[in-house]
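The values are calculated or read from the model by the stated rules, or taken from the named source; none is laboratory data. Just so it is clear, the structure is predicted and the values come from calculations on it, not from any experiment. Glycine gets a Cβ as well: all are built from the backbone with ideal geometry, and neighbour counts include every protein chain shown. Surface accessibility is based on the protein's heavy atoms, side chains included, excluding ligands, DNA and RNA. Shrake-Rupley method; radii C 1.70, N 1.55, O 1.52, S 1.80 Å.
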Amino acid sequence: MKKSILFLLTISTLIIFNSCGKDYDYRDKWVGKYEYEHWHKSYLHGTGTLSVNKYGQDSILITIGNSVLVNSQVHKNGDIEPCKFDWDYRMSGCFKNRNYLELTYYWSVDPRSIYFYKCKKIKE
């Protein structure tokens, strides 16, 4: 019994000391590769992979191949600031949790032309 208590105290102490002093960046939980489905209304336009990386102070960079899809600020709750990309397209989105990302974009001339990226994180 004494050995069990000593073991638990030792493990607890190690966990506490290892967690102290580390700078946690909330974006770390979303960084990685994702499989995506690209949708327009109920039509699947394609599938593939994209990457999410930290960028600057509190922004993320989402890329597909060599193309930057989003370079925008992400809030601690996972909401991505709306941004303009590729001529007159507007994009926004959010991380649903550690494993899911949804992006929405539309052409500013025709806001009814809504497209979606539904993304699931690839386990490494």
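With a cut-off of at most 11 other beta carbons within 10 Å, and DSSP calling the residue loop, which chymotrypsin sites (Phe, Trp or Tyr not before Pro) in segment 23-90 qualify? Please list them.
Values: sites: Tyr24, Tyr26, Trp30, Tyr34, Tyr36, Trp39, Tyr43, Tyr55, Phe85, Trp87, Tyr89; in loops: Tyr24, Trp87.
Here the chymotrypsin sites (Phe, Trp or Tyr not before Pro) that fit, given the DSSP loop and packing criteria, are Tyr24, Trp87.
Of the listed pairs Lys54/Lys76; Lys33/Lys96; Lys96/Lys120, which have alpha-carbon separations greater than 18 Å here?
Numbers: Lys54/Lys76 13 Å; Lys33/Lys96 15 Å; Lys96/Lys120 10 Å.
In this structure, no pair lies more than 18 Å apart at Cα.
Given a 1.4 Å probe and the protein chains all in place, what does the accessible area of Thr47 round to, in Å² to the nearest 10?
90 Å²
Run the 1.4 Å probe and let me know the accessible area of Cys119, rounded to the nearest 10 Å².
The accessible area comes out at roughly 10 Å².
Explain nothing, just the number: dipole magnitude of segment 23-110 about its Cα centre with +1 on each Lys and Arg Cβ and -1 on each Asp and Glu Cβ, in debye rounded to the nearest 20. Write out the running numbers ahead of the final one.
On the way: 10 positive and 12 negative charges, 33 e Å.
Magnitude of the dipole: close to 160 debye.
Obtain the nm distance between the two label points defined at Lys54 and Lys33 by a simple spin-label model: each point lies 7 Å from its Cα along the Cα-to-C-beta direction.
Calculated label separation equals 2.1 nm.
Could I get the Rg over Rh figure for segment 40-124? Both from C-alpha atoms, Rh via Kirkwood, rounded to two places. Present the calculation step by step, with values, prior to reporting the outcome.
Numbers: Rg = 12.7 Å, Rh = 13.5 Å.
Rounded to two decimals, Rg/Rh equals 0.94.
Using a 1.4 angstrom probe and counting only protein chains, how large is the accessible area of Phe95 in Å², to 10?
The value for Phe95 is about 10 Å².
In segment 64-110, what trypsin sites (Lys or Arg not before Pro) fall in a loop by DSSP, with at most 16 other Cβ atoms inside 10 Å? Intermediate results must be reported in sequence, preceding the final value.
On the way: sites: Lys76, Lys84, Arg90, Lys96, Arg98; in loops: Lys76, Lys96, Arg98.
Those that pass, being in a loop and sparsely packed, are Lys76, Lys96, Arg98.
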